[in-house]
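The block underneath contains the structure these notes are about, expressed in structure tokens.
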Amino acid sequence: MTANLRRRKIYSGLFETLCALAVVVALIPLAMILFYVVKEGFGALNVDFFTHMPKPVGESGGGMANAIAGTLILICIAAAFAVPVGCLCGIHLSEYPGTKFSSIVRFAADVLNGVPSIVVGIFAYGILVLPVKRFSVIAGGVALGLLMIPIVVRTTEELLRLVPGGLREGALALGATRGRAVFSVIVPAALPGILTGILVALARVAGETAPLLFTAFNNRFWSTSLTQPIASLTVQVFTYAISPYDDWHRQAWAGAFLLVMMILALSILARLAVRRLERMNRS
Amino acid sequence: MTSSLTTDVTRESPSPPRFLAGEKVAKPDEGAALAQSEIKISVRDFDFFYGTAKVLHGISLEIPARKVTALIGPSGCGKSTFIRSINRMNDIITDARGKGTILIDGQDVYGGDTDVVELRRRVGMVFQKSNPFPKSIYDNVAYGLRIGGMRNKRQLDDIIERSLTRAALWHEVKDRLHASALALSGGQQQRLCIARALAVDPEILLMDEPASALDPIATSKIEELIYELKDNYTIVIVTHNMQQAARVSDRTAFFMLGRVVEYAETNTIFMNPKEKMTEDYVTGRFG
């Protein structure tokens, strides 16, 4: 082995070690978070937590049934708002990639993606809470939806652009109109990826607290009215965690654990959906 | 698969080089002029531009009905651009535009009253790279019919079977019509694309190097198919393979640098070309 070759091998080994080290450094905090959440939260979780309402201070027991329902309602509203807007916008961007309008929209989506979530919360507060002088589920759902839109737009656009141009030509050559080609061939071909993008965006906003503080606010009672304030897991965890009561602290851990599990479930669902759809496409 | 393999290998060339077999004596070029009634596509002084670059220069051709017309020539000579102009596939390229006339049955393809969607239904196309949709075999062939508004299941079944049979694919796929088209082999995918194009019953079939990505066995199946289809369809085929042009086509146009150098009966082009350039190309001296 020449000296040159030996030197190259040493460099290569060095960089591989550095990369492996970086992975470990990145994984340690993640593993620790999961470890603590599971350790503290799993023990505090019981059937009552899912089925019971919060108890007044001083009484032990009780659960977060209203907050669990609240979070589900909020992310459903967010998705109902953000998925159609985001997907159609992404389709537009991939269909007309070169226009000035598209580059403005793309830039706006990137900026919106970087806006702190609390700012989005204040915006929703300004347009949906102040005029009616009441916190509401709608305001919370819209705030979360606004956070989802840029993620959905960009993933949709990028995945559509990965669809081979031959498919579009094939559809057009058979007499399809442009819209027909997009919705019957190009979008279905990119669907697994788009679906993952949507689920990832949902998982991301399910864990948001700040935008809910002045939109959906909180509610100690069971409520499903869209025009009333509603409890959510994140806000409830926040409220309980900063309280001085041990019992509430335990419940906050349980809430945090449940949130992590929900997000994990969404990610697993995304993977399963992709695998299923791709299998349909391949074999 | 094994059985079809053996039949393929032992089978004779789909359409033996007729000029070599001496079935027909090469006619002099003047005799090859087309009668007006036989003309399906008539191209007059057609120019094409990508932005400011002119890639086709005054193309004039008359393409006969129910015959196979081959377009040959070196890479970048404009064959593909030309064939894609016939069904206005180039429309989707920004900054690309054509000038001049292409008439199909006397109707101007680029005329104001021509609807491009209707045009493409009449003029089917098969691409170099097979492009089945990520759907089932059945849905692929049904695609053109469904966008045409056909919903009747029995009618669809019928046309799908007929189209797949015509594309010599029916026996290979009849038991798995609802399996994904992407599970088919390359040659089968290309025949599926042909079946898909045939299903909407076009008058003209444009083929842009349909066999260039296929192995020799799959290629010979496609060639055999072309030979059989020409009874009912006007076929224009771009090919890089000169033996293929000689085998399947009735007439051949030799393109060079965006111009038609020579256009005549295939026999004439290969046996007795008028232009020195054509002779050099078909004998493999360049290109």
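The values are calculated or read from the model by the stated rules, or taken from the named source; none is laboratory data. Here the structure is a predicted model, which is why all the values come from computation and not from measurement. Glycine also receives a Cβ, built like all others from the backbone with ideal geometry; neighbour counts cover every protein chain displayed. SASA here: full protein model, heavy atoms, side chains in, ligands and nucleic acids out. Shrake-Rupley method; radii C 1.70, N 1.55, O 1.52, S 1.80 Å.
Where in the range A:64-93 is the amide nitrogen less than 17 Å from a point lying 7 Å along the Cα-to-Cβ axis of A:Phe50?
Counting only backbone N, you get A:64-73.
Show which lysines lie in cross-link reach of A:Lys100 when reach means a straight Cα distance below 18 angstrom and same-chain residues fewer than eight apart are skipped.
Those lysines meeting the cut-off do not exist here.
If you count only protein heavy atoms and use a 1.4 Å probe, how large is the accessible surface of B:Asp108, to the nearest 10 Å²?
About 40 Å², rounded to the nearest 10.
Compute the normalised compactness of chain B: alpha-carbon radius of gyration over 2.2 N^0.38 Å, N being the residue count.
Against the compact-globule rule of thumb, the ratio is 1.00.
Given the DSSP H assignment, sum -39500 (n - 2.57) over each helix run of at least 4 residues in chain B and divide by its residue total; what's the result at 222 nm in deg cm²/dmol, nearest 500?
The helix contribution divided over chain B gives -10000 deg cm²/dmol.
Per the Kirkwood definition applied to all pairs of different Cα atoms, how many angstroms is the hydrodynamic radius of the range A:135-229?
Over the range A:135-229, the inverse of the mean reciprocal pair distance is 15.6 Å.
Please work out the FRET efficiency for the pair B:Gln107 and A:Ser12, using the Cβ-Cβ distance as r and a Förster radius of 56 Å; give the result to the nearest 0.05.
0.25
How big is the Rg/Rh ratio for the range A:174-277, C-alpha atoms only, Rh by Kirkwood, two decimals?
Using Cα coordinates only, the ratio equals 1.19.
Taking every pair of alpha-carbon atoms in the range A:64-144, give the share separated by more than 18 Å as a whole percent.
55 percent
Heavy atoms only, 1.4 Å probe, whole protein assembly: order A:Val47, B:Val260 by accessible area, highest first.
Result of the area sort, largest leading: A:Val47, B:Val260.
Using a 1.4 Å probe and ignoring any ligands, DNA or RNA, find the accessible area of B:Lys54 and quote it in Å² to the nearest 10.
We get 90 Å² for B:Lys54.
Whole angstrom only: what separates the Cα centroid of the range A:196-263 from the Cα centroid of the range A:69-129?
21 Å
Roughly what % antiparallel, to the nearest 5, for the DSSP beta bridges in the protein assembly as shown?
Around 60 percent antiparallel, to the nearest 5.
State the answer as a single residue: which of A:Gly121, A:Ala109, A:Ile151 lies farthest towards the positive end of the charge dipole of the range A:107-180, with beta carbon charges of +1 for Lys and Arg and -1 for Asp and Glu, about the Cα centre.
Final value for the positive-end residue is A:Gly121.
Could you identify which residue out of A:Glu16, A:Glu40, A:Glu158 has the top mean-square fluctuation in a GNM of chain A using Cα springs shorter than 10 Å?
Of A:Glu16, A:Glu40, A:Glu158, the Gaussian network model singles out A:Glu16 as fluctuating most.
Compute the length gained on full extension between A:Thr177 and A:Leu34: take 0.36 nm times their separation in residues and subtract their Cα-Cα distance, giving the result in nm to one decimal.
Full-extension gain reported as 46.4 nm.
Identify all lysines with a Cα-Cα distance to B:Lys230 below 24 Å; exclude those on the same chain that are fewer than 8 residues away in sequence.
Correct list for B:Lys230: B:Lys24, B:Lys27, B:Lys40, B:Lys67, B:Lys79, B:Lys129, B:Lys221.
Which sequence of A:Tyr245, B:Tyr110 reflects their accessible areas, 1.4 Å probe, from the largest down?
A:Tyr245, B:Tyr110
FRET efficiency for A:Ser60 and A:Ala80, Cβ-Cβ distance as r, R0 = 45 Å, nearest 0.05?
0.75
Would you mind giving the average projected area, over all directions, of the Cα convex hull of the protein assembly as shown in nm² with one decimal?
39.0 nm²
Positive end of the dipole of chain B, charges at C-beta (+1 Lys, Arg; -1 Asp, Glu), about the Cα centre: which of B:Ala96, B:Phe49, B:Met150 has its Cα farthest in that direction?
B:Met150
Roughly how many debye, to the nearest 20, is the charge dipole of the range A:166-283 about its Cα centre, given +1 on each Lys and Arg Cβ, -1 on each Asp and Glu Cβ, and no other charges?
That gives the range A:166-283 a dipole magnitude of about 600 debye.
When all protein chains stay in place, what accessible area (Å², nearest 10, 1.4 Å probe) is found for B:Phe270?
40 Å²
Projecting each Cα onto the charge dipole of chain A (Lys/Arg +1, Asp/Glu -1 at the beta carbon, about the Cα centre), which of A:Leu259, A:Ile10, A:Leu202 comes out farthest on the positive side?
The Cα lying farthest towards the positive end belongs to A:Ile10.
Using the Cα centre of the protein assembly as shown as the reference point, and only Cβ charges (+1 on K/R, -1 on D/E), how large is the resulting charge dipole? Debye, rounded to the nearest 20.
920 debye
Per the Kirkwood formula on distinct C-alpha pairs, the Rh of chain A is how many angstrom?
That comes to 21.6 Å for chain A.
Using only Cα atoms, locate the centre of the range A:168-184 and the centre of the range B:203-227, then give the distance between them in Å, rounded to an integer.
Spelled out, the Cα-based centre of one part sits 23 Å from the other.
Mean Kyte-Doolittle of at least -1.0 plus a Cα span of 18 Å or more along the axis: flag which DSSP H helices in chain A meet both, please.
A:3-44, A:65-95, A:100-114, A:137-161, A:187-206, A:246-282
With +1 on each Lys and Arg Cβ and -1 on each Asp and Glu Cβ, and nothing else charged, work out how big the dipole of the range A:6-92 is about its Cα centre, in Debye to the nearest 20.
Rounded to the nearest 20 debye, it is 800 debye.
Could you compute the FRET efficiency for A:Ser267 and B:Asp158, with r as their C-beta to C-beta distance and R0 at 45 Å, rounded to 0.05?
0.45
For B:Lys274, which aspartates and glutamates qualify as cross-link partners when the Cα separation must be under 14 Å and same-chain residues fewer than eight apart are set aside?
B:Asp29, B:Glu30, B:Glu262, B:Glu265
If you take the Cα atoms of the range B:83-241, find Rg, then find the Kirkwood Rh from the mean of 1/r over all pairs, what is Rg/Rh?
Taking Rg over the Kirkwood Rh, I get 0.97.
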